[in-house]
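Below you'll find the structure, written out as structure tokens, and then a few comments.
The values are calculated or read from the model by the stated rules, or taken from the named source; none is laboratory data. Every value quoted in this text rests on a predicted model; they were computed, and no experiment measured them. Using ideal geometry, Cβ is built from the backbone for each residue, glycine included, and neighbour counts are taken over all protein chains shown. All accessible areas refer to the heavy atoms of the entire protein, side chains included, with ligands and DNA or RNA removed. Shrake-Rupley method; radii C 1.70, N 1.55, O 1.52, S 1.80 Å.
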Amino acid sequence: MAVRYDPSIITKHAQALYDRASGIIFAWGVIGFIAGAALAKAMNAEGFIVLMGGLVVALIGVMFGRGRAFSLQLQAQVALCQVATEANTRRAAEATVAGVPPTAVQMNSVG
């Protein structure tokens, strides 16, 4: 089997990265809430203090989650940029072979 270039695979990968990015913020927030509440409970706190401890650490978790989500979104954008670059380069190369002036070739975004 010969390996061929398939831009749809890269696009699916980019979508999977975006899906992971959206879920990771929520997951870090939940984990932070659980950890903060458990820590407050371990310090013999009760009621409102346990809730506040959970919320404070949940916010910290969301901040870490957003940082990781941004990294995944950036990876997805780099992959989509490479697909667009390949499509535009291929279009320009085909136009050159066909004898069309480069200024007449319209470039566009992919994805």
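Highest mobility in the GNM of the chain, judged by mean-square fluctuation with C-alpha springs under 10 Å and restricted to Ala14, Ala27, Ala76, is found for Ala27. Taking Val97, Val78, Val30 as the candidate residues, the one with maximal mean-square fluctuation in a Gaussian network model of the chain, Cα springs under 10 Å, is Val97.
Rolling a 1.4 Å probe across the protein heavy atoms gives the chain an accessible surface of 72 Å² per residue. Between Met63, Met52, Met43, the residue with the greatest mean-square fluctuation in the GNM of the chain (Cα pairs under 10 Å linked by springs) is Met43. Taking only the alpha carbons of the chain, we obtain Rg and Dmax values of 23.5, 79 Å in that order.
Taking 0.36 nm per residue of separation and subtracting the Cα-Cα distance, full extension of the segment from Arg66 to Ala98 would add 6.8 nm. Relative to the Cα centre, the charge distribution of the chain, modelled as +1 at Lys and Arg Cβ and -1 at Asp and Glu Cβ, gives a dipole magnitude of about 60 debye. Per residue, the average separation of C-alpha pairs within less than 8 Å and at least 6 apart gives the chain a relative contact order of 30 percent. Across the range 32-78, C-alpha contacts under 8 Å between residues 6 or more apart give a mean separation that, scaled by the residue count, equals a relative contact order of 41 percent.
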